[in-house]
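Participant: Encoded as structure tokens, here's the structure I'll be asking about.
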Amino acid sequence: MDLLADNSAGPVVLLTGGTGYVGGRLTPRLEQQTVKFRCLARSPEKMRSRVLPATEIVQGDVLDPASLDRALQGVHTAYYLVHLMSGSKDFEKEDRQAATNFAQAARNTGVRRIIYLGGLGDDNDPKLSPHLRSRHEVGKILRDSGVESIEFRASLVIGTGSLSFDLVKSLTDRLPVMLCPRWLTTPTQPIAVDDVLAYLLAAKDLPPGESRIFEIGSEDVTSYGDMIREYARQKGLRRWLISVPVLTPYLSSLWLALVTPASFEVGRHLIEGLKNPTVVRDRAALDVFPIRPMGIREAIRKALGEDQAVPNPS
Ligand SMILES: NC(=O)c1ccc[n+]([C@@H]2O[C@H](COP(=O)([O-])OP(=O)(O)OC[C@H]3O[C@@H](n4cnc5c(N)ncnc54)[C@H](OP(=O)(O)O)[C@@H]3O)[C@@H](O)[C@H]2O)c1
């Protein structure tokens, strides 16, 4: 059925980033809940095998405004789960442009709510990494559209397939001895993917209101070093972490590129952000939503369980 031509059966929920990690996990949950569900994808054929036959797929690109005007027709709630870090020479500029296009199209087509997942980090920190600064800028552009925007800010998302968690896994799996830069002690408050998905889904059903930012994280404040230790402990691996204060983010990313499957460019942007504390300072999400995120140990246990359930393609 062509839902673009038939908006009579109720409001449409649109998802961007459905071929990505978070969007891909959200898709089946939205399909269970939503009467009319539409995905915007740059490559519809990539998306087709991931959705139910009734799910509509619209070809589109957040850098192509005309495609957004088409995709957002009749949409009530739009999920913005896109970033342009891979394959872009200037991701800050492109993410700015993409968010501006999306915000304009959402306003023009009468979208009622945008739900966006960005990154934690202190806006007032002059040393905030370009990646985190850009994630916050995207949230602001969406809010400034005048369309009600719900922005979630998360640190690392724990789950198999999440790029930042896969970096932790690859390092720990491959290196018995790690020379560790100082950023491994930076405080962070990661969150299990199931909890992120619960927040993203619940945001769809909030009563109409003002645009909001919700900082979300597990109950534990930890560090990347302690995550590596906990992951190693659960896998029964003996690992030694030796502090090397002179390892710069640039050198760290060269080193990461050697030992992990993440692309050098994306890894570099993520690593630059690891020097910034990413902890929840505003706990409003716990008042507004009935969600109580699981602790880091349980989140890692679940991710390891997923690893065993999903056959490794390589
Ligand atoms: N994963 C984490 O640990 C984590 C943590 C905190 C926050 N977040 C946030 O969560 C959101 C989603 O992250 P993710 O990890 O799911 O990302 P991801 O796996 O890298 O997926 C990115 C998605 O963006 C799409 N995309 C890229 N360029 C596009 C364009 N020009 N037009 C349309 N779609 C485009 C990609 O589609 P193609 O298949 O066409 O490339 C893909 O579906 C981001 O805002 C990220 O900052 C993630």
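The values are calculated or read from the model by the stated rules, or taken from the named source; none is laboratory data. Nothing here was measured: the structure is a model prediction, and the numbers come from that model. Glycine also receives a Cβ, built like all others from the backbone with ideal geometry; neighbour counts cover every protein chain displayed. Please note that ligands, DNA and RNA were not included when accessible areas were found on the heavy atoms of the full protein model with its side chains. Shrake-Rupley method; radii C 1.70, N 1.55, O 1.52, S 1.80 Å.
Participant: Quick one: Val13 ticks every box in (1) more than 9 Å from the ligand (Cβ to nearest atom); (2) buried (at least 19 other Cβ atoms within 10 Å of the Cβ); (3) assigned to a helix (DSSP H, G or I) bar one, so which box is it?
Facilitator: Every condition holds for Val13 apart from (3).
Participant: Take the residues of the range 50-59 that are outside any loop (DSSP other than H, G, I, E, B) and open to solvent by 20 Å² or more (accessible area, probe 1.4 Å): which is farthest from the ligand (Cβ to nearest atom)?
Facilitator: Ile57
Participant: Determine which member of the set Glu230, Glu210 is at pLDDT 85 or above, surrounded by 18 or more Cβ atoms within 10 Å (Cβ to Cβ) and among the charged types (D, E, K, R). Walk me through how you get there before you give the answer.
Facilitator: Values: Glu210 fails: surrounded by 18 or more Cβ atoms within 10 Å (Cβ to Cβ).
Being at pLDDT 85 or above, surrounded by 18 or more Cβ atoms within 10 Å (Cβ to Cβ) and among the charged types (D, E, K, R) holds for just one of Glu230, Glu210, which is Glu230.
Participant: Within the range 102-117, can you find the residues that are open to solvent by 10 Å² or more (accessible area, probe 1.4 Å) and within 12 Å of the ligand (Cβ to nearest atom)?
Facilitator: Leu117 - this is the single residue of the range 102-117 that is open to solvent by 10 Å² or more (accessible area, probe 1.4 Å) and within 12 Å of the ligand (Cβ to nearest atom).
Participant: Further, regarding this structure: Can you confirm whether Met47 is in contact (Cβ under 8 Å) with a residue 40 or more places away in the chain and either part of a strand (DSSP E or B) or within 9 Å of the ligand (Cβ to nearest atom) (or both)? Steps first, please.
Facilitator: Working: in contact (Cβ under 8 Å) with a residue 40 or more places away in the chain: no; either part of a strand (DSSP E or B) or within 9 Å of the ligand (Cβ to nearest atom) (or both): yes.
No: the conditions fail for Met47.
Participant: In addition: Mind counting the residues in the range 148-163 that are polar (S, T, N, Q), open to solvent by 10 Å² or more (accessible area, probe 1.4 Å) and touching a strand residue (DSSP E or B) at 6+ places or on another chain (Cβ under 7 Å)?
Facilitator: Adding up the residues that qualify gives 1.
Participant: Restricting attention to the range 89-98, does a residue exist that is open to solvent by 40 Å² or more (accessible area, probe 1.4 Å) and within 10 Å of the ligand (Cβ to nearest atom)?
Facilitator: Yes, that holds for at least one residue.
Participant: Something else: I need the full set of residues from the range 60-88 which are open to solvent by 40 Å² or more (accessible area, probe 1.4 Å), under 24 Å from Leu206 (Cβ atoms) and of a type in the set (S, T, N, Q), in order please.
Facilitator: Result: Gln73, single match.
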